[in-house]
Amino acid sequence: MNTACRLHEVGLELPDPDATERLGAVLAHALPEGPPALVLALEGDLGAGKSSLARALLRTLGVQGPIRSPTYTLVEPYPTARGSCLHLDLYRLADPAELDGLGLDEHYPADALWLVEWPDRGGSLLPPPDLVLGLVHAGPGRRARLSAHSPRGELWLRDARLDELRCKGDSASR
Ligand SMILES: Nc1ncnc2c1ncn2[C@@H]1O[C@H](COP(=O)(O)OP(=O)(O)O)[C@@H](O)[C@H]1O
Ligand SMILES: [Mg+2]
(Lines give C-alpha, C1' and ligand atoms only; values in the text may rest on other atoms or scores of the structure.)
(Ligands and ions follow the chains in the order given, each with its own letter.)
Protein backbone atom coordinates (compact mmCIF):
# COMPACT_ATOMS: atom_id res chain seq x y z
CA MET A 1 0.00 0.00 0.00
CA ASN A 2 1.15 3.54 -0.61
CA THR A 3 2.37 4.64 2.79
CA ALA A 4 1.31 8.21 2.07
CA CYS A 5 -2.22 7.03 2.85
CA ARG A 6 -3.41 7.02 6.42
CA LEU A 7 -4.75 3.65 7.48
CA HIS A 8 -8.15 4.79 8.57
CA GLU A 9 -9.02 6.53 5.30
CA VAL A 10 -7.83 5.81 1.77
CA GLY A 11 -8.79 7.38 -1.54
CA LEU A 12 -8.58 5.49 -4.81
CA GLU A 13 -9.21 6.16 -8.46
CA LEU A 14 -11.22 3.42 -10.18
CA PRO A 15 -10.95 4.26 -13.87
CA ASP A 16 -13.12 1.41 -15.16
CA PRO A 17 -15.47 -1.37 -13.98
CA ASP A 18 -12.57 -3.79 -13.80
CA ALA A 19 -10.92 -1.59 -11.15
CA THR A 20 -14.11 -1.67 -9.05
CA GLU A 21 -14.17 -5.44 -9.29
CA ARG A 22 -10.51 -5.68 -8.34
CA LEU A 23 -11.20 -3.60 -5.26
CA GLY A 24 -13.97 -6.03 -4.31
CA ALA A 25 -11.58 -8.94 -4.75
CA VAL A 26 -8.86 -7.20 -2.71
CA LEU A 27 -11.32 -6.63 0.14
CA ALA A 28 -12.39 -10.29 0.06
CA HIS A 29 -8.78 -11.46 0.24
CA ALA A 30 -8.10 -9.12 3.17
CA LEU A 31 -10.90 -10.41 5.41
CA PRO A 32 -9.53 -11.35 8.82
CA GLU A 33 -9.28 -15.00 9.82
CA GLY A 34 -12.34 -16.60 11.35
CA PRO A 35 -15.96 -15.53 11.00
CA PRO A 36 -16.04 -12.10 9.34
CA ALA A 37 -18.39 -10.27 11.75
CA LEU A 38 -17.94 -7.15 9.64
CA VAL A 39 -20.28 -4.57 8.15
CA LEU A 40 -19.25 -2.88 4.89
CA ALA A 41 -21.43 0.12 4.09
CA LEU A 42 -21.57 0.87 0.36
CA GLU A 43 -22.42 4.50 -0.27
CA GLY A 44 -22.96 6.28 -3.57
CA ASP A 45 -25.62 7.28 -6.07
CA LEU A 46 -27.43 4.91 -8.38
CA GLY A 47 -24.92 3.53 -10.86
CA ALA A 48 -21.91 4.33 -8.69
CA GLY A 49 -20.74 0.70 -8.69
CA LYS A 50 -21.90 -0.57 -5.29
CA SER A 51 -23.44 -3.79 -6.61
CA SER A 52 -20.48 -4.41 -8.92
CA LEU A 53 -18.15 -4.29 -5.96
CA ALA A 54 -20.38 -6.49 -3.79
CA ARG A 55 -20.66 -9.08 -6.56
CA ALA A 56 -16.90 -9.18 -7.10
CA LEU A 57 -16.35 -9.59 -3.36
CA LEU A 58 -18.87 -12.44 -3.16
CA ARG A 59 -17.41 -14.17 -6.24
CA THR A 60 -13.96 -13.98 -4.70
CA LEU A 61 -15.37 -15.67 -1.60
CA GLY A 62 -16.43 -18.52 -3.88
CA VAL A 63 -20.10 -17.74 -4.47
CA GLN A 64 -21.16 -19.49 -7.67
CA GLY A 65 -24.38 -19.16 -9.60
CA PRO A 66 -26.45 -16.02 -9.86
CA ILE A 67 -25.83 -13.10 -7.54
CA ARG A 68 -29.18 -11.35 -7.69
CA SER A 69 -29.65 -7.71 -6.90
CA PRO A 70 -31.46 -7.46 -3.55
CA THR A 71 -33.34 -4.39 -4.75
CA TYR A 72 -36.73 -6.02 -4.18
CA THR A 73 -35.97 -8.71 -1.62
CA LEU A 74 -33.83 -6.18 0.35
CA VAL A 75 -31.54 -8.97 1.49
CA GLU A 76 -29.86 -11.95 -0.21
CA PRO A 77 -27.94 -14.39 1.98
CA TYR A 78 -24.89 -16.32 0.72
CA PRO A 79 -23.26 -19.14 2.64
CA THR A 80 -19.53 -19.11 1.87
CA ALA A 81 -16.49 -20.98 3.05
CA ARG A 82 -15.75 -17.90 5.19
CA GLY A 83 -19.16 -17.90 6.81
CA SER A 84 -22.47 -16.27 6.13
CA CYS A 85 -22.60 -13.18 3.90
CA LEU A 86 -25.57 -10.88 3.53
CA HIS A 87 -26.00 -8.52 0.61
CA LEU A 88 -28.55 -5.81 1.37
CA ASP A 89 -29.88 -3.07 -0.90
CA LEU A 90 -32.10 -0.73 1.11
CA TYR A 91 -32.88 1.70 -1.71
CA ARG A 92 -36.55 0.74 -1.64
CA LEU A 93 -36.91 0.73 2.10
CA ALA A 94 -39.61 3.29 2.89
CA ASP A 95 -39.16 3.11 6.66
CA PRO A 96 -36.30 1.60 8.69
CA ALA A 97 -38.94 -0.29 10.71
CA GLU A 98 -39.47 -2.50 7.64
CA LEU A 99 -36.15 -4.09 8.53
CA ASP A 100 -37.84 -5.73 11.50
CA GLY A 101 -39.94 -7.77 9.10
CA LEU A 102 -36.82 -9.27 7.54
CA GLY A 103 -35.92 -10.99 10.82
CA LEU A 104 -32.25 -10.21 10.31
CA ASP A 105 -31.39 -10.88 13.93
CA GLU A 106 -33.16 -14.23 14.07
CA HIS A 107 -32.18 -15.64 10.69
CA TYR A 108 -28.62 -14.56 10.25
CA PRO A 109 -25.66 -15.09 12.51
CA ALA A 110 -24.19 -12.06 14.22
CA ASP A 111 -20.79 -12.97 12.83
CA ALA A 112 -21.85 -12.60 9.19
CA LEU A 113 -20.28 -10.30 6.65
CA TRP A 114 -22.79 -7.57 5.79
CA LEU A 115 -22.55 -5.74 2.46
CA VAL A 116 -25.07 -2.92 2.68
CA GLU A 117 -26.10 -0.63 -0.18
CA TRP A 118 -27.98 2.51 0.89
CA PRO A 119 -27.18 1.93 4.58
CA ASP A 120 -28.60 5.34 5.61
CA ARG A 121 -32.09 4.04 4.88
CA GLY A 122 -31.71 1.36 7.55
CA GLY A 123 -31.23 3.93 10.29
CA SER A 124 -30.21 2.67 13.70
CA LEU A 125 -31.74 -0.77 13.05
CA LEU A 126 -28.65 -1.78 11.12
CA PRO A 127 -25.45 -2.75 12.85
CA PRO A 128 -22.94 0.11 12.62
CA PRO A 129 -20.39 -0.11 9.81
CA ASP A 130 -16.84 -1.27 10.35
CA LEU A 131 -15.77 0.02 6.95
CA VAL A 132 -17.47 2.60 4.74
CA LEU A 133 -16.84 2.63 1.02
CA GLY A 134 -18.05 5.75 -0.77
CA LEU A 135 -18.14 5.71 -4.57
CA VAL A 136 -18.65 8.82 -6.72
CA HIS A 137 -18.65 9.37 -10.44
CA ALA A 138 -15.41 10.90 -11.70
CA GLY A 139 -15.49 11.41 -15.45
CA PRO A 140 -16.01 8.03 -17.09
CA GLY A 141 -14.70 6.25 -13.97
CA ARG A 142 -15.26 6.39 -10.24
CA ARG A 143 -13.46 7.69 -7.19
CA ALA A 144 -13.57 5.57 -4.05
CA ARG A 145 -12.97 6.49 -0.44
CA LEU A 146 -12.56 3.79 2.17
CA SER A 147 -12.77 4.72 5.83
CA ALA A 148 -12.49 2.48 8.86
CA HIS A 149 -15.03 3.04 11.65
CA SER A 150 -13.98 0.36 14.13
CA PRO A 151 -10.80 -1.45 15.15
CA ARG A 152 -11.89 -4.47 13.08
CA GLY A 153 -12.55 -2.24 10.11
CA GLU A 154 -9.13 -0.70 10.56
CA LEU A 155 -7.52 -4.15 10.51
CA TRP A 156 -9.47 -5.06 7.39
CA LEU A 157 -8.35 -1.88 5.64
CA ARG A 158 -4.77 -2.34 6.85
CA ASP A 159 -4.59 -5.83 5.34
CA ALA A 160 -6.17 -4.84 2.01
CA ARG A 161 -3.56 -4.97 -0.76
CA LEU A 162 -4.44 -1.69 -2.39
CA ASP A 163 -1.03 -1.32 -3.98
CA GLU A 164 -2.34 -2.09 -7.43
CA LEU A 165 -5.00 0.58 -7.12
CA ARG A 166 -3.86 4.16 -7.33
CA CYS A 167 -3.83 5.97 -4.00
CA LYS A 168 -4.93 9.60 -3.76
CA GLY A 169 -2.99 10.11 -0.54
CA ASP A 170 -3.46 13.29 1.41
CA SER A 171 -6.14 14.82 -0.79
CA ALA A 172 -8.62 12.18 0.31
CA SER A 173 -7.48 11.86 3.91
CA ARG A 174 -9.21 13.39 6.86
N1 LIG B 1 -14.96 2.29 -11.82
C2 LIG B 1 -15.93 2.28 -12.74
N3 LIG B 1 -15.84 3.03 -13.86
C4 LIG B 1 -16.83 3.03 -14.77
N5 LIG B 1 -17.96 2.31 -14.67
C6 LIG B 1 -18.12 1.54 -13.56
C7 LIG B 1 -17.11 1.49 -12.56
N8 LIG B 1 -17.54 0.64 -11.59
C9 LIG B 1 -18.74 0.17 -11.97
N10 LIG B 1 -19.10 0.71 -13.16
C11 LIG B 1 -20.34 0.46 -13.92
O12 LIG B 1 -21.39 1.21 -13.36
C13 LIG B 1 -22.62 0.58 -13.66
C14 LIG B 1 -23.51 0.56 -12.46
O15 LIG B 1 -22.95 -0.27 -11.49
P16 LIG B 1 -23.75 -0.87 -10.26
O17 LIG B 1 -22.77 -1.71 -9.53
O18 LIG B 1 -25.03 -1.51 -10.69
O19 LIG B 1 -24.09 0.46 -9.44
P20 LIG B 1 -24.94 0.68 -8.10
O21 LIG B 1 -25.12 -0.65 -7.42
O22 LIG B 1 -24.11 1.62 -7.29
O23 LIG B 1 -26.24 1.30 -8.52
C24 LIG B 1 -22.28 -0.81 -14.20
O25 LIG B 1 -22.49 -0.80 -15.60
C26 LIG B 1 -20.82 -0.97 -13.86
O27 LIG B 1 -20.15 -1.77 -14.81
MG1 LIG C 1 -26.87 -1.56 -6.62
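With the structure loaded, tell me whether Gly123 is on the phi > 0 side of the Ramachandran plot and either buried (at least 21 other Cβ atoms within 10 Å of the Cβ) or more than 16 Å from ligand 1 (Cβ to nearest atom) (or both) or whether it fails that test. Judged against the criteria, Gly123 is a match. In region 144-157, which residues are surrounded by 15 or more Cβ atoms within 10 Å (Cβ to Cβ) and either out of contact with any His (no Cβ under 8 Å at 6 or more places or on another chain) or among the aromatic types (Phe, Trp, Tyr) (or both)? Of everything in region 144-157, those that are surrounded by 15 or more Cβ atoms within 10 Å (Cβ to Cβ) and either out of contact with any His (no Cβ under 8 Å at 6 or more places or on another chain) or among the aromatic types (Phe, Trp, Tyr) (or both) turn out to be Ala144, Arg145, Leu146, His149, Arg152, Gly153, Leu155, Trp156. Screening region 96-120 for residues that are touching a residue at least 60 places away in the same chain (Cβ under 8 Å) and among the small types (Gly, Ala, Ser) and picking the one that is nearest to ligand 1 (Cβ to nearest atom) gives Ala112. Note on region 92-120: residues that are in contact with a strand residue (DSSP E or B) (Cβ under 7 Å, 6 or more places away or on another chain) and modelled with pLDDT of 85 or more amount to 9. Residues that are surrounded by 15 or more Cβ atoms within 10 Å (Cβ to Cβ), within 15 Å of ligand 2 (Cβ to nearest atom), closer than 25 Å to Pro151 by Cβ and modelled with pLDDT under 95 do occur in region 73-86, at least one of them. Exactly one residue among Ala54, Ala81, Ala41, Ala48 is farther than 30 Å from Pro140 by Cα and among the hydrophobic types (A, V, I, L, M, F, W, C), and that residue is Ala81. Residues in region 15-38 that are within 16 Å of ligand 2 (Cβ to nearest atom) and either touching a residue at least 60 places away in the same chain (Cβ under 8 Å) or buried (at least 17 other Cβ atoms within 10 Å of the Cβ) (or both): Thr20, Glu21, Leu23, Gly24.
Residues checked against (1) within 15 Å of the chain's Cα centre (by Cα); (2) of a type outside the set (Asp, Glu); (3) within 16 Å of ligand 1 (Cβ to nearest atom); (4) farther than 25 Å from Arg121 by Cβ:
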residue	(1), (2), (3), (4)
Ala25	yes, yes, yes, yes
His29	yes, yes, no, yes
Gly34	no, yes, no, yes
Ala48	yes, yes, yes, no
Leu57	yes, yes, yes, no
Ser69	yes, yes, yes, no
Pro79	no, yes, no, yes
Leu88	yes, yes, yes, no
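Contact annotation: residue pairs with Cβ atoms under 6 Å, 6 or more positions apart or on different chains, pairing a residue in region 40-68 that is free of Cβ contacts under 8 Å to residues at least 60 places away in the same chain and over 15 Å from Thr20 (Cα atoms) with a partner that is assigned to a helix (DSSP H, G or I) and of a type in the set (Gly, Ala, Ser), are Leu61/Ala28. The set of residues from region 39-66 being outside any strand (DSSP E or B) and within 11 Å of ligand 2 (Cβ to nearest atom) comprises Gly44, Asp45, Leu46, Gly47, Ala48, Gly49, Lys50, Ser51, Ser52, Leu53, Ala54, Arg55. Taking into account only those residues within region 128-140 that are over 19 Å from Thr20 (Cα atoms) and surrounded by 18 or more Cβ atoms within 10 Å (Cβ to Cβ), which is farthest from ligand 2 (Cβ to nearest atom)? So the residue we want is Asp130.
The values are calculated or read from the model by the stated rules, or taken from the named source; none is laboratory data. All values derive from a computational prediction rather than experimental measurement. Positions of Cβ are backbone-derived with ideal geometry, glycine not excepted, and every protein chain shown enters the neighbour counts.
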